[in-house]
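Some notes on the structure that comes next.
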Amino acid sequence: MKKYLMLVLAVSFFAACQAPKTEEAKEEKKEEKTVAMSTEAPAAEGYKIGDVATDFSLKNIDDKMVSLADYPDTKGFVVIFTCNHCPYAKAYEDRIVAFDKAYKEKGYPVIAINPNDPTVQEADSFELMKVRAEEKGFTFPYLMDEGQKIYPQYGAKKTPHVYVLQKEDKGLVVKYIGAIDDNFKDASKVTEKYLENAVNALLEGKEVEVETTKAIGCSIKTAKA
């Protein structure tokens, strides 16, 4: 009997170890399946530090068109390519909302753009963008890159992927490209706040010390040719 109970316990333990441990693990499995149905975003050189970014006009979740020219009084922008379904993007949503609340009054509002093709990833449809924004209390525009024309200009590869733009005489100059911080899993364990550090430096009239970092996230979804 003891041997039988030990065998049952051992089998149960093994099964528990094999099962996905978190919702995040389930999302990552979904992501793997989606990648199999799509292709990586086309290689694009995109913007480098010091380049001047062009404006765009994209549909917001309120069905109105939004461009950077609509914000004449800002000092710059934080353009973040993000989406609904990606576990990395989801992990950063609360942090992005908190950042926007703290920094848009200082002149650096968040402009979020969904670069994914909804025919490849249905969870990133325009209608579901509206639902996600409502659920999470987004305080910033959430735009659809319809036709996937804007993300290649920037050179975005992941969701999330961050671009800090500063208004200068020659236009919107790219000052930082990369990740939001160094720990997507746990905000309490972040040791380097790349985005905050970059914007704080600009607000203080200083050079950004860390201008580029590697964006960590899901690949941007495009339909196979």
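The values are calculated or read from the model by the stated rules, or taken from the named source; none is laboratory data. All values reported here derive from a predicted model rather than from experimental measurement. Here the Cβ positions follow ideal geometry from the backbone for every residue, glycine too, while neighbour counts run over all protein chains shown. Just so you know, the surface numbers come from the protein's heavy atoms only, side chains and all, with ligands and any DNA or RNA stripped out. Shrake-Rupley method; radii C 1.70, N 1.55, O 1.52, S 1.80 Å.
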Worksheet item: Any idea how many residues of segment 190-206 are over 19 Å from the mean Cα position of the chain (by Cα) and in a helix (DSSP H, G or I)?
Response: 4
Item to complete: Quickly run through segment 73-87 and pick out the residues that are β-branched (Val, Ile, Thr), farther than 12 Å from PRO115 by Cβ and not in a loop (DSSP other than H, G, I, E, B).
Response: VAL78
Worksheet item: Quick check: is even one residue across segment 135-150 open to solvent by 20 Å² or more (accessible area, probe 1.4 Å), small (Gly, Ala, Ser) and part of a helix (DSSP H, G or I)?
Response: no
Fill in: LEU172 touching a Ser or Thr at 6+ places or on another chain (Cβ under 9 Å), open to solvent by less than 60 Å² (accessible area, probe 1.4 Å) and either at pLDDT below 95 or among the aliphatic types (A, V, I, L, M) (or both)
yes
Worksheet item: Filtering segment 182-206 down to residues that are surrounded by 10 or more Cβ atoms within 10 Å (Cβ to Cβ) and acidic (Asp, Glu), which residue is nearest to VAL164 (Cα to Cα)?
Response: GLU196
Worksheet item: Of the residues that sit in segment 207-225 and are basic (Lys, Arg) and surrounded by fewer than 16 Cβ atoms within 10 Å (Cβ to Cβ), which one is nearest to the chain's Cα centre (by Cα)?
Response: LYS214
Worksheet item: If you take the residues in segment 92-128 that are of a type outside the set (A, V, I, L, M, F, W, C) and within 13 Å of the chain's Cα centre (by Cα), which one is most open to solvent (accessible area, probe 1.4 Å)?
Response: ASP94
Worksheet, complete the sentence: Over segment 153-181, the set of residues assigned to a helix (DSSP H, G or I) and more than 15 Å from the chain's Cα centre (by Cα) is GLN153
